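For reference, the structure is listed below as structure tokens.
The values are calculated or read from the model by the stated rules, or taken from the named source; none is laboratory data. In this text the structure is predicted, and so the values were computed from the model without any measurement. Virtual Cβ from ideal backbone geometry, glycine too; neighbours counted across all protein chains shown. Note: accessible area is taken over every heavy atom of the protein model, side chains too, but ligands, DNA and RNA are not part of it. Shrake-Rupley method; radii C 1.70, N 1.55, O 1.52, S 1.80 Å.
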Amino acid sequence: MLLLRPPGVYRPQEDTELLARSLAESGVPHGATVLDACTGTGALAVAAGRAGAGEVTAVDRSRRAVAAAFVNCLLHGVPVRVRHGDFSTVGGRYDVVCSNPPYVPAPGPPDPTGAARAWDAGADGRAVLDRLCAALPSLLAPGGFGLVVHSALCGVERTLGQLRDGGLAAEVVASRDVGFGPVLRSRARWLEGRRLIAPGQRHERLVVVRADAP
């Protein structure tokens, strides 16, 4: 998929691909309303449109990402509403919510303006994930489903537990082991010190969690 990516906008990687495949395999209902939370380049918004969505809303805190998502959806012929801001304030309920949020554990708080805000997510990697899990029950329409991708370093059971506590049925529907990229390699010793990885570990497991609304 050809996508324009301005400097500072997250480059689609293995996590984006894994989530896009899960989205296609889940079967987006024809004409469904879809929310792509933390859209970045809009890769998942485009994937949702190709899968049959009738209306796609994409939201991101980065103005560059908002511009990139708008242009990429336009280039691929996907009708989209792009919003600058946070998924918790976007409003409405959706048949499908998909998200590749920031989830990389970081030694310090996320920079609210730098490029690293696209991946840094606090000491346990859950600064955005916890809020997303709490918001999903109110974002999903009855019978709708959500798909969220993140690293197992952040705690898969914690994600499942939070979603179930919110009244959603939740399960892991896809996973993939990948080698550390430059960011995690540079933090490997710190991650070992926090016991988030085993000594010498230089790979992580990506997971896609599905949450279904009653």
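Checking each residue in region 167-186 for being open to solvent by less than 40 Å² (accessible area, probe 1.4 Å) and not in a strand (DSSP E or B) picks out LEU168, PHE180, GLY181, LEU184.
Assess whether GLY40 counts as being part of a loop (DSSP other than H, G, I, E, B), under 22 Å from ARG176 (Cα atoms) and in contact (Cβ under 8 Å) with a residue 40 or more places away in the chain. The answer is yes for GLY40.
Applying the selection to region 114-129, what residues are open to solvent by less than 40 Å² (accessible area, probe 1.4 Å) and in a helix (DSSP H, G or I)?
Quick first cut of region 114-129, residues open to solvent by less than 40 Å² (accessible area, probe 1.4 Å) only: 114, 116, 118, 120-122, 125-126, 128-129.
ALA116, ALA118, LEU129, listed by residue number.
Checked against the criterion of being in contact with a Pro (Cβ under 7 Å, 6 or more places away or on another chain) and either within 30 Å of PRO137 (Cβ to Cβ) or among the hydroxyl-bearing types (Ser, Thr, Tyr) (or both), the candidates ALA174, ALA213, ALA169, ALA152 yield just one match: ALA213. Within region 47-59, the set of residues being open to solvent by 20 Å² or more (accessible area, probe 1.4 Å), in a strand (DSSP E or B) and of a type outside the set (D, E, K, R) is empty. I need the full set of residues from region 60-98 which are open to solvent by 50 Å² or more (accessible area, probe 1.4 Å), assigned to a helix (DSSP H, G or I) and in contact with a Leu (Cβ under 7 Å, 6 or more places away or on another chain), in order please. Within region 60-98, VAL71 is the sole residue that qualifies.
Checked against (1) more than 14 Å from SER99 (Cβ to Cβ); (2) touching a Lys or Arg at 6+ places or on another chain (Cβ under 8 Å); (3) not polar (S, T, N, Q), ALA58 meets all criteria but (1).
Which one of these is within 24 Å of ARG11 (Cβ to Cβ) and at pLDDT 95 or above: LEU160, LEU191? Outline the logic, then answer.
Working: LEU160 fails: within 24 Å of ARG11 (Cβ to Cβ).
So the residue among LEU160, LEU191 that is within 24 Å of ARG11 (Cβ to Cβ) and at pLDDT 95 or above is LEU191.
Among the numbered conditions (1) charged (D, E, K, R); (2) closer than 24 Å to GLU171 by Cβ; (3) open to solvent by 70 Å² or more (accessible area, probe 1.4 Å), the only one that ASP36 does not meet is (3). Against the list (1) under 26 Å from VAL46 (Cβ atoms); (2) not in a loop (DSSP other than H, G, I, E, B), the condition PRO101 fails is (2). Screening the candidates LEU44, LEU3 for the property of being surrounded by 19 or more Cβ atoms within 10 Å (Cβ to Cβ) and under 28 Å from ALA134 (Cβ atoms) yields one hit, LEU44. Filtering region 146-166 to residues that are more than 22 Å from GLY27 (Cα to Cα) and part of a strand (DSSP E or B) leaves only SER151.
Selection within region 6-19: residues that are in contact with a strand residue (DSSP E or B) (Cβ under 6 Å, 6 or more places away or on another chain) and of a type in the set (Asp, Glu). The member of this set that is surrounded by the fewest Cβ atoms within 10 Å (Cβ to Cβ) is GLU14.
Kindly indicate whether PRO107 is touching a residue at least 60 places away in the same chain (Cβ under 8 Å), in a loop (DSSP other than H, G, I, E, B) and either among the hydroxyl-bearing types (Ser, Thr, Tyr) or open to solvent by 40 Å² or more (accessible area, probe 1.4 Å) (or both).
On the way: touching a residue at least 60 places away in the same chain (Cβ under 8 Å): yes; in a loop (DSSP other than H, G, I, E, B): yes; either among the hydroxyl-bearing types (Ser, Thr, Tyr) or open to solvent by 40 Å² or more (accessible area, probe 1.4 Å) (or both): yes.
Against the criterion (touching a residue at least 60 places away in the same chain (Cβ under 8 Å), in a loop (DSSP other than H, G, I, E, B) and either among the hydroxyl-bearing types (Ser, Thr, Tyr) or open to solvent by 40 Å² or more (accessible area, probe 1.4 Å) (or both)), PRO107 qualifies.
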